[in-house]
1. To the nearest 0.05, how large is the calculated FRET efficiency for His312 and Ile54 if R₀ is 45 Å and r is the Cβ-Cβ distance?
2. Add +1 for every Lys or Arg and -1 for every Asp or Glu among the other residues with Cβ under 11 Å from the Cβ of Ser128, and state the total.
3. From a point 7 Å beyond the Cα of Arg211 in the direction of its Cβ, which residues of the range 220-259 have a backbone N at a distance under 20 Å?
4. Treat each spin label as a single point 7 Å out from the Cα along the C-beta direction, and report the Arg277 to Arg63 distance in nm.
5. Roughly speaking, what is the stretch gain from Thr95 to Ser174, that is 0.36 nm per residue apart minus the C-alpha to C-alpha distance, in nm to one decimal?
6. Just rank Asp262, Asp329, Asp234, Asp226, fewest to most, by other beta-carbon atoms within 10 angstrom.
7. Can you figure out the FRET efficiency of Lys81 with His284, using R₀ = 51 Å and their beta-carbon distance, to the nearest 0.05?
8. In what order do Met9, Met1 fall by count of nearby beta-carbon atoms within 10 Å, going from fewest to most?
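What follows draws every value from the coordinates through simple rules; no lab data is involved. What you are looking at is a predicted structure, and each value in this text was computed from that prediction instead of being measured. Glycine gets a Cβ as well: all are built from the backbone with ideal geometry, and neighbour counts include every protein chain shown.
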Amino acid sequence: MKLITTADMRQLIKRVGLEHFNKLLLEALQQDFSRWHEFQLSPRHATHYPHGVIELMPCADDRLYAYKYVNGHPRNTKQGKLCVVAVGMLAEVDTGYPLLMCEMTWLTALRTAATAALGAHYLARRESEVLGIIGCGAQSEFQVLALAGVCPLKAIRYYDLDGAAMAKFARNLSGRVPQLIACKSGAEAVQDADLIVTATAAKCQDRILNRSMIAPGTHIHAMGGDCPGKTELDPALLDQVKIVVEYQEQSMHEGEVQNRPDVTIHAELWEIVSGQRPGRENDHELTLFDSVGFALEDYTALRLVNRLAEEHGIGSESAMIPVLDDPKDLFGGLV
C-alpha cells in the first residue's frame, strides 16, 4: 500500500505545480460527476458533539472504493490546532486490498476549491471579474486560486472578523492575484461582486448575506454552512436564487437549504455537468451553489493523487497487509 504523507503531498504539489494540479482536479471532478450513476452513493456518517463533529465519507464504483475520515472543530484554533483534519484511503474493489493511504487535510481544501470552480464554470457569468469573499480562514486562499482558474478575476474583495486572518490571506495571495482589496465588513466585501464566496467557520445559523447586498447576475458559492445548525445566508434569499446542490439527501440536512425544506432546488451538480439540466441561463439571474462537500469529491481527489504519485515516484510503500506463503495460515504468519 502506498503512503502519502504531508511531506509527500507538499512535494507532489511542488512537482506538478498548484495551478496545474487545480486544473487536473477540476477535469477529474467533471469526469466523475458526469458518470454519477456508476457510483454507490450515501450521505456522510457524522458523529456530532457540542464542540464539533467527526465524519466518515465513503464512495465507490465497481473498480475503486474510497473513504475519508474528517473532523470539524471550530474552536481548535484557540488551541493552536486546525479546525479540519483528514485522512483518506483508496482500495481496489476486486480484492478489497488498500492501494493508498493519504493525508487529506490539504487535499480536502484542494478538492473543495476545485468543486467550487466546477460549480462556477456552469453557474457564474463568463466575464466575472470581481470576487467577494467573506471568511479568510484555512479554505480561503484555495477557493480564490481555484476560482481564478475558471473566471477572469481582476479584483478580490475580502473580509473576516479576525484581522490576523485577513493579513494572512493578503500575505499568501500577494503576487498570485491581480488586486486585493481589504474591506471593513461583509457588505463592503460583496459590493459590486460578480462572484461571492461565504466561508465562515462559526457553528451557528448566521445571516452574513441577504438579497439587498447582491447585484443582479451574481453567483454565490456558499461553503461555510456544512452541517446541521450551521448556515450563512438569510433564508429569504433562497427564494430568489437558482439553487444547485451536490447530493440533495445530504444537503437538506447540512446546507443552506436546511432552513427551508420546502425550497425549490434546481438541480444536483451532476445534472448540470452531464447536460441534463441547464446551468446559468442569462446574465441577470442569481445562482447559488449550496456546497457542503460530498464523498464523490474525495474519491476523485484520491484517484488523481494515486495516479500522480505513481507517475512522479512520490510516496512510500507501507506494509499494512500481511504477506503470507499460505493465505489460510494467518496465525502462523504472526507467531
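1. FRET efficiency, His312 to Ile54: 0.90.
2. Neighbour charge sum, excluding Ser128 itself: 0.
3. Residues 220-222, 232-244, 256-259 qualify, since their backbone N sits under 20 Å from the label point.
4. If labels sit at Arg277 and Arg63, their model points lie 2.8 nm apart.
5. Values: separation 79, 0.36 × 79 = 28.44 nm, distance 4.76 nm.
In short, 23.7 nm is gained.
6. On the way: Asp262 7, Asp329 10, Asp234 18, Asp226 25.
Ordered by Cβ neighbours within 10 Å, fewest first: Asp262, Asp329, Asp234, Asp226.
7. On the way: r = 44 Å, r/R0 = 0.87.
Given R0 = 51 Å and the Cβ-Cβ separation, E is 0.70.
8. Ordered from fewest to most neighbouring Cβ atoms within 10 Å, Met9, Met1 come out as Met1, Met9.
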